Amino acid sequence: MIYICLNAVAVIVGSLIGAIAKKGIREKYITVMNTAMGLAALVLGANVAMENMRSSNYPVLFIVCLSIGGLIGTALRFDQRMERATSRAGKNSDISQGLTTAILFCCVGTLSMMGPVLSALKGDNTYLLTAATLNLVTMIVIASSYGIWMALAAVFVFIWQSAFFFIAKISETFISDELITETSIVGGVLIAAAGLGVMDIKDCKTINLLPALLMPIIFLFIRNLFV
């Protein structure tokens, strides 16, 4: 758990550094950075989804997950709740968009999911240490565009990685390559969608789609009950 806490701290420190750096960056340079970050999210997200789709045993599962997750997020009004939560900071949509992008970047991927599993089962914290380093750098870039509120992503990172850690502790057989694959496909699509929003091409309300990340876990859990 120490290394999971380290990941959360890395997000906070990266956000602080990025927010401080933002004050000395002109608006036109921030715009360029947003564009670069949006392109990176689009390419990385598509790559993650396509790479894992080759190994998927359920090629249409991600569609179902996105649909159900989107319905849940919309019904619970995640986007409106996020805007209200950040209303005091101004530029609500920008903060919500940036925070969603930060959460996806830091939570989706082999490092953030397999790291806690390997730590719980084998005491190997290599993945978590690597993830913390990447989170630090990533948050410096994101916070330099969106500000100090990006530090809130640390809460989501801690909860996400802790969930994988404790699930692995409770059931060594449940966390599998299959679960990582299916979750990564959904996460890759969400990262790409976040990239479209960052570049102002299409506001996909990505925050409403976040529950989709839990759908593969629920699906495989139910499937395992009947296998």
For the stretch 181-210, what are the residues that are more than 20 Å from G73 (Cα to Cα) and touching a Pro at 6+ places or on another chain (Cβ under 9 Å)? T181
Could you give me the residue pairs with C-beta distances under 9 Å whose first residue belongs to the stretch 18-46 and is modelled with pLDDT of 85 or more, whose second residue is open to solvent by 90 Å² or more (accessible area, probe 1.4 Å) wherever it lies, and which are 6+ apart or on separate chains? L42/I201
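Hand me the list of helices (runs of 4 or more DSSP H) wholly inside the stretch 135-227 holding 3 or more residues that are open to solvent by less than 10 Å² (accessible area, probe 1.4 Å) and within 14 Å of T101 (Cα to Cα). Steps first, answer last, please.
On the way: elements: 153-170, 177-198, 206-209, 215-225.
Those helices (runs of 4 or more DSSP H) span 153-170, 177-198.
Determine which member of the set I142, I180 is within 23 Å of I68 (Cα to Cα) and touching a Ser or Thr at 6+ places or on another chain (Cβ under 8 Å). Even if it seems obvious, please write down each step before you answer.
Working: I142 fails: within 23 Å of I68 (Cα to Cα).
Testing whether each residue is within 23 Å of I68 (Cα to Cα) and touching a Ser or Thr at 6+ places or on another chain (Cβ under 8 Å) leaves just I180.
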Would you check if there is a residue in the stretch 180-192 being under 20 Å from I4 (Cα atoms) and among the hydrophobic types (A, V, I, L, M, F, W, C)? yes
Those helices (runs of 4 or more DSSP H) completely within the stretch 1-108 that have 1 or more residues that are open to solvent by 60 Å² or more (accessible area, probe 1.4 Å) and under 25 Å from I218 (Cα atoms) are 27-53, 61-75, 78-85
Just to be sure, is V13 in contact with a helix residue (DSSP H, G or I) (Cβ under 7 Å, 6 or more places away or on another chain) and farther than 25 Å from V186 by Cβ? yes
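The values are calculated or read from the model by the stated rules, or taken from the named source; none is laboratory data. Bear in mind the structure is a predicted one, so any value in this text is a computation, not a measurement. We place every Cβ from the backbone using ideal geometry, glycine too, and count neighbours over all the protein chains shown. Accessible surface is based on the protein model in full, side chains and every heavy atom, while ligands, DNA and RNA are left aside. Shrake-Rupley method; radii C 1.70, N 1.55, O 1.52, S 1.80 Å.
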